[in-house]
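The next block holds one structure in the form of structure tokens; read it before the comments.
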Amino acid sequence: GPVVGSWYRILDWLIPGNTKVVAVKKVVLDQGGFAPCFLGCFLAVTGAVNGLSVQDNWSKIQQVCAAALGSAEEPWEPLP
């Protein structure tokens, strides 16, 4: 949506170009900076909208973020 689209425009402004090195820099910034923040905010808002208590919401955020970000940080294996 709009948040992610705006983030990519900012990322293009911060790191202009279209080389492989630029792409790697953008992925590192995206996965290391934006993804954890966006995921935490998204989960907090959806938990609140779904009526979770602050304690239940925080527990759910910790659980989901640990699983999601742990798998996002693992190196990708190339396809055969």
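Table for the structure above
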read-out: Residue count for the range 1-25, restricted to those that are under 27 Å from Q63 (Cα atoms) and touching a helix residue (DSSP H, G or I) at 6+ places or on another chain (Cβ under 8 Å); value: 3
read-out: Tabulated pairs, the range 35-47, first free of Cβ contacts under 8 Å to residues at least 24 places away in the same chain, second surrounded by 13 or more Cβ atoms within 10 Å (Cβ to Cβ), C-beta under 6 angstrom, 6+ apart or interchain; value: L43/I61; L43/V64; G47/N57; G47/K60
read-out: Some residue of the range 56-68 being open to solvent by less than 50 Å² (accessible area, probe 1.4 Å) and modelled with pLDDT of 90 or more; value: yes
read-out: The lone exception for G1 - which of (1) among the small types (G, A, S); (2) within 13 Å of the chain's Cα centre (by Cα); (3) open to solvent by 80 Å² or more (accessible area, probe 1.4 Å) it fails; value: (2)
read-out: Test: V28 is in a helix (DSSP H, G or I), open to solvent by less than 60 Å² (accessible area, probe 1.4 Å) and β-branched (V, I, T); value: no
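The values are calculated or read from the model by the stated rules, or taken from the named source; none is laboratory data. Because the structure is a prediction, the values reported are computed rather than measured. Positions of Cβ are backbone-derived with ideal geometry, glycine not excepted, and every protein chain shown enters the neighbour counts. Ligands, DNA and RNA are excluded from the accessible area calculation, which covers all protein heavy atoms including side chains. Shrake-Rupley method; radii C 1.70, N 1.55, O 1.52, S 1.80 Å.
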